[in-house]
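**Q** Below is a structure I'd like to ask you about.
The values are calculated or read from the model by the stated rules, or taken from the named source; none is laboratory data. It should be emphasised that the depicted structure is a prediction, and the values quoted were computed from it without experimental measurement. For neighbour counting, all protein chains shown are included, and Cβ atoms are generated from backbone atoms with ideal geometry for every residue, glycine included. Accessible surface is based on the protein model in full, side chains and every heavy atom, while ligands, DNA and RNA are left aside. Shrake-Rupley method; radii C 1.70, N 1.55, O 1.52, S 1.80 Å.
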Amino acid sequence: MSKDPKTTSQIIRRQAMDIGAARPVATPLHQSVVYAAGSPDQLDAQYSGQLAGYTYAREGHPNAAALAARIDALEGAEGGLITGSGMAAITAALLGLLKAGDHMIGADQLYGRSLRLMSQDLPRFGIETGQFDPTDAPSLKRALRPNTKLVLVEALSNPTLRVADMAGIAEICTQHGLIMVLDNTFTTPAMMRSYQVGADIIIHSVTKLLAGHADVTLGYVAAKNPDHRKAIYDFAVTTGMTPAPYECWLAERGLFTFDLRYARAEENAAALAEFLAHHPKVKRVLYPTRPDHPDHNRAMALFEGQGGNMLSFEIEGGREAANRFVQAAPNIAFAPTLGDVACSLSHPASSSHRALTPEGRAALGISEGFFRLSVGIEDVTQLKSDFTAALAAV
Ligand SMILES: *Cc1c(COP(=O)(O)O)cnc(C)c1O
């Protein structure tokens, strides 16, 4: 061997790193686009599924597989796919399974971009869309057409936290052979496991509670039927919806504390709901375990007594009061997301529901004083004093 300093071309010879006899305890980050095969025979065996192995990161990589397997375990699913965002997971499911001439029905208070996908994009591809009220299962039956193939639903609506009649919806889907796609982002597998309430396809925005630290954008989609699974996988890989290794690595690390974060956030949310409900400047509080919640009994049965980490409330006064409230709560992020370790507060009238008319918002019960709160894992005494200060400014 030459004693000369190595040239760049010598250094870049691609060889696996030797890490000795012991294994790392944390999942290694496999920041590699390609995986070199040993021979054409081996590559053939990989492509035909006889041999496990990766080839090209858009088609799959170890960090996505490790994350998917952990979310599979939480949901009791198998073969889940990680996508670059929650919206990519929804898009892969809908466009992977529907074709021009098909009809799908979505709940009327879905995540904003899901509603937009149904109203603006799917019709451009010849896919017809309709809506129903998920708290009223017979309204799904009335929205059916002969070409209806699929139903998209969330169990807890945004931002009024209405609870879907999952049993009624599942029954209609079974009777009519419809594919039920359930976006379980708000509810998480801690409140409700998707297949147990009748879903055929499970969606998560991993961005939210599962990853849990507001530093990763990712999605997850799983299908019960292997034909559905393959159609969704092929569409996602072809259209490049698949995720980066580092994002998956971060999300996997976040997921290890999901149970702990969820339990603490829920405990905080229940305590804050109680606190706000007794505050003179709060007009109403929406939280599923509270007896005054409009779907209380259904929520108690579906979520087995759990209320989750989301709550909504309405303060007295209009936009001016809302501005003062947010300004007087500098510790609470005023940001349209959810599921972070810290609280985040959103104001639907100026964000998610700004496109509606004031009358349209009023019909949903969303006034200028209406806020949605994603509760974090902070010290609850501190949270109560932050809210006391904010409400004093109203
Ligand atoms: C955030 C969210 C999405 C979209 O997820 P992204 O990761 O932001 O693309 C879909 N559904 C629900 C219920 C969400 O809260």
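**Q** When you scan region 176-191, do you find a residue that is of a type in the set (S, T, N, Q), in a helix (DSSP H, G or I), within 16 Å of the ligand (Cβ to nearest atom) and in contact (Cβ under 8 Å) with a residue 24 or more places away in the chain, even just one?
**A** Residues of region 176-191 that are of a type in the set (S, T, N, Q), as a first pass: 184-185, 187-188.
Those left that are additionally in a helix (DSSP H, G or I): 188.
Right, trim to within 16 Å of the ligand (Cβ to nearest atom) and you get 188.
When the remaining residues are screened for being in contact (Cβ under 8 Å) with a residue 24 or more places away in the chain, the result is 188.
There is at least one residue in region 176-191 that is of a type in the set (S, T, N, Q), in a helix (DSSP H, G or I), within 16 Å of the ligand (Cβ to nearest atom) and in contact (Cβ under 8 Å) with a residue 24 or more places away in the chain.
**Q** Here's something else I'd like to know. Do you know which residues across region 354-394 are basic (Lys, Arg) and under 21 Å from Arg264 (Cβ atoms)?
**A** Arg372, Lys384
**Q** Within region 96-117, take every residue that is touching a helix residue (DSSP H, G or I) at 6+ places or on another chain (Cβ under 7 Å) and within 15 Å of the ligand (Cβ to nearest atom) and give me the one that is most open to solvent (accessible area, probe 1.4 Å).
**A** By that ranking, first place goes to Arg113.
**Q** Moving to a separate point now. Among the residues of region 217-248, which ones are more than 16 Å from the ligand (Cβ to nearest atom), assigned to a loop (DSSP other than H, G, I, E, B) and touching a residue at least 60 places away in the same chain (Cβ under 8 Å)?
**A** Lys224
**Q** With the requirement that a residue be open to solvent by 40 Å² or more (accessible area, probe 1.4 Å) and not in a helix (DSSP H, G or I), what does region 368-392 give you?
**A** Hits for region 368-392 are Glu368, Ile377, Glu378, Asp379.
**Q** Give me the residue from region 148-163 that is closer than 20 Å to Ala273 by Cα and more than 11 Å from the ligand (Cβ to nearest atom) and, out of that set, most open to solvent (accessible area, probe 1.4 Å).
**A** Applying the filter and picking the extreme gives Arg162.
Yes/no matrix, rows are residues, columns are (1) closer than 19 Å to Leu209 by Cα; (2) away from the ligand (no atom under 16 Å from the Cβ); (3) touching a residue at least 40 places away in the same chain (Cβ under 8 Å):
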residue	(1), (2), (3)
Leu311	yes, no, yes
Glu316	no, yes, yes
Gln327	no, yes, yes
Ala333	yes, no, no
Leu338	yes, no, yes
Ala355	no, yes, no
Ser374	yes, no, yes
Val380	yes, yes, yes
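Condition check ((1) on the phi < 0 side of the Ramachandran plot; (2) aliphatic (A, V, I, L, M); (3) at pLDDT below 95) across all residues:
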site	(1), (2), (3)
Gly112	yes, no, yes
Thr129	yes, no, no
Arg162	yes, no, no
Gly177	no, no, no
